[in-house]
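Structure record follows, encoded as structure tokens.
The values are calculated or read from the model by the stated rules, or taken from the named source; none is laboratory data. As the structure is a computational prediction, the values presented were derived from the model and not from experiment. Here Cβ is always computed from backbone atoms with ideal geometry, including for glycine, and neighbour counts include all displayed protein chains. Ligands, DNA and RNA are excluded from the accessible area calculation, which covers all protein heavy atoms including side chains. Shrake-Rupley method; radii C 1.70, N 1.55, O 1.52, S 1.80 Å.
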Amino acid sequence: MELLPRSPAEFGSARYWDRFFRQRGQRPFEWYGAFPELCPVLHKYVRRRDKVLVVGCGNSELSEQMYDMGMCEDIVNIDISHAVIRQMQERSASTRPRMSYRLMDMLQMDFPDAHFQVVLDKGTLDALLTDEEEATLAKVDQMFAEISRVLQVGGRYLCVSLAQAHVLKKAVEYFSQEGWVVRVHQVASSGDKQQFVLPIFVYVMTKFRKIPGSAAQILEICHEEQDKPMRVESVEQLVAAVKDRQHYAMLCSQISKSPCKEQVSLDLCDKESGKPRYTLHVVDSPSVKPSRDNHLAIFIIPQGRETEWLFGTEEGRRQLAASAGFGRLLTVALHREQHYEGMASIQAELSGKVMELAPPGLPARQQVPFLSVGGDIGVRAVQHCGSSPLSGEFVVEDVKGDGTCYFRRLIFLQNRNVVQSEARLLAPTPLSGQKKRRKDKKKPGPTEPPGAIDKSYLCCEHHKAMVAGLCLLGGPDALPGELAVLVVGLGGGSLPLFVHDYFSQAHVAVVEIDPSMLEVATCWFGFSQGDRMKVHVSDGLDYVAKLAAEAPAQYDAIMFDVDSKDLTVGMSCPPPAFVEKPFLQKVKTILKPEGIFVLNLVCRDAGLKESVLATLRDVFPLLYARRIQGELNEILFCPAGPAGRHGPAELGARARRLEGALRQPGRPWDSSYALADVLQAVHIL
């Protein structure tokens with residue numbers, strides 16, 4: 001500790017460094033970055049015949065190792081400390097005749113202009129630029145000006161640094177404005193315990209003649225595993241890219257020493273595009289008793305299934321990790337914009353990276369298993385990409401579910417982990433009398449849709465609950481007959497289609513604010529309009545308000561399944577304006593006296609949710625609630641009249657009667673539509 005300066009300013013003092021090296025003696029002092037780590041980068045930019053200047057050499061062994069390895073021999077080392085220059089001259093005088101050590105201040109060098117091909121700086125800039133005071137910045141400008149003066153055109157200034165943001169920004173801004181090409185390399189770690197947790201970087205500044213009037217900048221970053229640099233557009237982007245790598249290094253250091261109390265999430269990006277390629281979650285299971293073979297496993301989530309509860313929620317991943325029986329499970333989600341050859345190529349790509357996230361106590365050379373569902377990476381085929389002013393960018397994609405079923409999904413890319421709409425695809429059936437496929441004929445590729453939309457199947461559990469709530473209509477022994485139903489929010493159209501098809505006397509009106517969604521539902525989800533199905537492209541708020549003023553008491557059921565575009569609010573369904581008291585009163589106005597309002601509520605904010613429930617209680621005489629297991633959705637059933645209170649037995653009886661009416665011969669009916677079971681979990685709020 002006695003070697004540390006009393007203030008950062010002493011890093012620029014010759015007196016401090018004389019005292020430092022006298023007290024340290026002959027032991028080499030390496031700030032950071034040992035020669036084996038730096039060697040791959042130095043080999044790229046230092047040629048054997050180059051004349052090399054090392055500024056602020058200290059008693060580092062770097063110059064000696066470069067000389068001894070034959071990388072180059074014409075090396076001049078300078079420092080402001082008499083003590084260290086004397087040490088180094090004595091150490092190398094007889095064994096390295098072409099290498100010299102000179103007492104010199106790098107801010108005022110005696111060398112002629114354009115004298116060197118390489119200037120090497122290992123930690124010197126970091127030591128000088130300890131703050132952003134005016135005097136400090138003036139010294140740094142003087143240092144850069146001297147380096148620029150003594151370098152030939154085409155020469156390289158190599159600066160080994162920890163890349164603190166203010167240091168990196170200052171260096172990059174200065175030299176890029178001078179017309180130099182700037183490239184930042186991250187140095188590969190040796191794997192040994194380092195003095196610094198932060199990674200080491202080398203700034204490579206290549207001198208070019210400044211072209212008057214040119215504002216073009218060439219800024220690049222090269223990851224430790226990359227040969228090809230990645231171009232960035234601005235100094236800010238370069239600083240941000242370095243910061244990301246620093247955060248990753250600190251994360252790896254942290255979770256390698258102790259278990260994660262909370263799940264850690266990070267993206268691994270594609271080297272070419274810079275876009276996310278893998279999303280990793282680190283899930284630790286303290287309850288798992290450690291043994292030699294159960295420290296770590298990697299779980300590859302099949303494409304298209306990352307939104308499922310087991311893979312897409314913290315609770316689900318925690319359950320997955322516990323059932324897998326490993327102390328640490330890394331779940332890996334694959335991104336739709338990326339191409340993957342198969343499980344073997346993913347393993348090869350991730351093997352080195354995931355070991356950086358290994359838990360403490362992992363035995364050396366431990367084989368880490370890769371797990372998945374069914375042993376493959378699943379199937380995802382993007383069928384359509386689009387964009388609208390209201391919904392932003394979206395995709396329609398076909399994915400393989402658990403088993404042999406395929407599903408079509410609508411995803412809004414601003415909230416890519418949420419499935420907006422989903423429909424099951426029918427398996428293709430051969431035409432009657434069709435000849436058997438020849439063995440050598442090419443089979444359908446994985447990107448071909450398996451078949452048409454299965455309109456009889458509701459994929460979403462909350463849609464099943466919303467349909468089950470219609471049993472609250474009518475008398476105790478009567479079934480809903482001719483119905484007028486209003487659905488706000490079209491999506492892919494599965495909910496209104498099901499009501500239209502299974503309630504044969506129902507007239508369904510759908511309100512959808514985004515005309516693009518009507519096009520998507522029609523083209524990709526089998527939706528169609530007819531005598532009993534009409535879509536109104538309008539804001540639901542305006543549509544309901546107009547009906548309340550002009551045509552009250554006309555609907556038997558009103559269903560809200562509309563998402564919020566504002567991701568900053570803790571309620572993603574519906575938008576807050578749809579559950580304000582004046583608007584809910586208008587909703588009640590257009591309901592018939594014995595009608596029912598059904599609301600899909602998705603709210604993470606407990607306080608906001610309680611406020612919504614209180615408002616609903618003020619407007620409607622009774623509230624039933626049905627939580628959707630494993631999801632945030634809660635379906636609220638709000639009868640318009642006071643005669644809507646039913647006990648569990650009566651609810652079950654009503655649900656069974658409705659189910660019996662809907663299950664007609666020749667009409668598909670899935671076993672998951674057991675409406676009595678759906679309503680069994682309903683409770684009165």
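Report, to one decimal in Å, the Kirkwood hydrodynamic radius for segment 206-327 based on all distinct Cα pairs.
Working: mean 1/r = 0.0565 Å⁻¹.
Result for segment 206-327, one decimal place: 17.7 Å.
Taking 25 °C and 0.890 mPa s as conditions, segment 259-361 diffuses translationally at an estimated 174 µm²/s according to Stokes-Einstein applied to its Kirkwood radius (Cα pairs). When a 1.4 Å probe is rolled over the protein heavy atoms, the share of accessible surface on segment 259-361 that falls to carbon and sulfur comes to 51 percent.
What is the packing order of peptides 353-362, 261-270, taking the mean over residues of other C-beta atoms within 10 Å and listing the highest first? Kindly include the intermediate steps, with their values, before the conclusion.
Values: 353-362: 16.6, 261-270: 13.9.
Going by the mean number of other Cβ atoms within 10 Å, highest first, we get 353-362, 261-270.
Under 18 Å from a label point set 7 Å out along the Cα-to-Cβ vector of GLN366, the amide N atoms of segment 276-305 belong to 281-300.
Annotation: amide H-H contacts under 5 Å for ARG277 (H modelled 1.01 Å from N, sequence separation of 5 or more, or interchain): LEU268, CYS269, ASP270. For the peptides 487-495, 520-528, 377-385, residues were scored by their other Cβ atoms within 10 Å and the scores averaged per peptide; the highest-first order is 487-495, 520-528, 377-385. Residues in segment 35-43 carry Karplus couplings, in order, of 4, x, 6, 7, 3, x, 6, 4, 4 Hz; the curve used is 6.51 cos²θ - 1.76 cosθ + 1.60 with θ = phi - 60°, and Gly or Pro positions show x.
Could you sort out which of LYS289/LYS353; LYS44/LYS122; LYS586/LYS609; LYS534/LYS588; LYS243/LYS353 sit more than 23 Å apart by Cα distance in this structure?
Values: LYS289/LYS353 25 Å; LYS44/LYS122 17 Å; LYS586/LYS609 21 Å; LYS534/LYS588 21 Å; LYS243/LYS353 18 Å.
From the list (LYS289/LYS353; LYS44/LYS122; LYS586/LYS609; LYS534/LYS588; LYS243/LYS353), the Cα-Cα distance tops 23 Å for LYS289/LYS353.
Computed from backbone phi, the HN-Hα couplings of segment 520-537 come to 5, 4, 6, 7, 10, 10, x, 7, 8, 9, x, 4, 9, 9, 10, 10, 10, 7 Hz, rounded to whole numbers (Karplus: 6.51 cos²θ - 1.76 cosθ + 1.60, θ = phi - 60°; Gly and Pro given as x). Using a cutoff of 8 angstrom between alpha carbon atoms and counting only pairs six or more residues apart, the relative contact order for segment 262-421 works out to 22 percent. Taken along its three principal axes, the alpha carbon spread of segment 382-425 comes to 36, 18, 12 Å, from the longest extent down to the shortest.
The trypsin sites (Lys or Arg not before Pro) of segment 86-143 that meet both conditions, a loop assignment by DSSP and at most 13 other Cβ atoms within 10 Å of the site Cβ, are ARG98.
Direction-averaged shadow area of the convex hull around the Cα atoms of segment 461-684, nm²? All intermediate terms of the calculation are to be shown ahead of the outcome.
Values: hull surface 47.9 nm².
So the mean shadow area of the Cα hull is 12.0 nm².
Taking a straight line from the alpha carbon of LYS139, these aspartates and glutamates sit under 12 Å away, with near neighbours fewer than eight places off in the same chain left out: ASP105, ASP131.
Please list, in order, the residues from segment 505-519 whose amide nitrogen is less than 13 Å from a point placed 7 Å along the Cα→Cβ vector of ASP539. Within reach of a label on ASP539: 513-514. Local charge for LEU107 was computed over the other residues whose Cβ lies under 15 Å away, with Lys and Arg +1 and Asp and Glu -1, and equals -3.
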